[in-house]
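S.K.: I am attaching a structure below and will ask some questions about it afterwards.
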Amino acid sequence: MCWECDHPHATREDYLDFVRERMQCHGWAVQGVQGDRNYAPWAYTVGLTAFGKPELVVTGTSLARASDLLHVSAPHLLHADAPEPGEQNPLIGGPLIEIVQVAEPTMHLVTAVELFGPQVKALQLVYADDRGHWPWDVGFCGGRGGQPVLGTRAAHRAA
């Protein structure tokens, strides 16, 4: 169940206060967006902007898996330079990911934009399927709705 569903009488500002509390405790929060018949779910971080870092986005997988990927990746980003678009990295215990610059963060990261403004930057963690295919490859086996890529793929770079 979503926070807003669990708090039907709360305001949007109440929710933003909840997100701010999560950011104070952990440095960031994860915002999930439910998919529907036409759109795959996605999740993104809220709070990395406060550290001068881009927010992170994962699309096309369950909100639980997206949240796990974000919670594994965000702490590393706080202590290192942001990865470059086109960079590929294997996640320990997870998939191979490629970094894609999100073209229009204001369209997809609503809560981050509400808290930090339209200057929010974001990187998408695009993951390969179990056979090593990417969403831009023929034969990619994604879940229902696929894995939307929210920017243009950059030239591949070794990590």
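S.K.: Does residue 43 meet the test of being of a type in the set (A, V, I, L, M, F, W, C) and crowded, with 21+ Cβ neighbours inside 10 Å?
M.R.: Taking the combined requirement at face value, the residue satisfies it.
S.K.: Are any residues in region 1-22 touching a residue at least 40 places away in the same chain (Cβ under 8 Å) and within 30 Å of residue 135 (Cβ to Cβ), and if so, which ones?
M.R.: Across region 1-22, the qualifying residue is only 19.
S.K.: Please go through region 89-101 and give me each residue that is part of a strand (DSSP E or B) and of a type in the set (Val, Ile, Thr), ordered by number.
M.R.: Within region 89-101, 97, 99, 100 meet the criteria.
S.K.: Ok, one more. Please report, ordered by residue number, the helices (runs of 4 or more DSSP H) entirely within region 1-88 with at least 3 residues that are farther than 16 Å from residue 114 by Cα and under 10 Å from the mean Cα position of the chain (by Cα).
M.R.: Hits in region 1-88: 63-78.
S.K.: Right, another one. Mind listing just one residue for me: the one in region 110-149 that is of a type in the set (D, E, K, R) and modelled with pLDDT under 95 and, of those, surrounded by the most Cβ atoms within 10 Å (Cβ to Cβ)?
M.R.: 129
S.K.: In addition: Condition test on residue 94, is it surrounded by fewer than 17 Cβ atoms within 10 Å (Cβ to Cβ) and out of contact with any His (no Cβ under 7 Å at 6 or more places or on another chain)?
M.R.: yes
S.K.: Of the numbered conditions (1) surrounded by 13 or more Cβ atoms within 10 Å (Cβ to Cβ); (2) under 22 Å from residue 107 (Cβ atoms); (3) basic (Lys, Arg), residue 65 fails exactly one; give the number of that condition.
M.R.: (2)
S.K.: Can you tell me how many residues within region 102-123 are in a strand (DSSP E or B) and either free of Cβ contacts under 8 Å to residues at least 60 places away in the same chain or touching a His at 6+ places or on another chain (Cβ under 9 Å) (or both)?
M.R.: Result for region 102-123: 1.
Per-residue answers, yes or no, for (1) in contact with a Leu (Cβ under 7 Å, 6 or more places away or on another chain); (2) at pLDDT 90 or above:
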site	(1), (2)
45	yes, yes
49	no, yes
55	yes, yes
60	no, no
71	no, yes
74	yes, yes
81	no, yes
84	no, yes
92	no, no
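The values are calculated or read from the model by the stated rules, or taken from the named source; none is laboratory data. Owing to the predicted nature of the structure, the values given are computational and were not obtained by experimental measurement. Backbone-built Cβ (ideal geometry, glycine too); neighbour counts: all protein chains shown.
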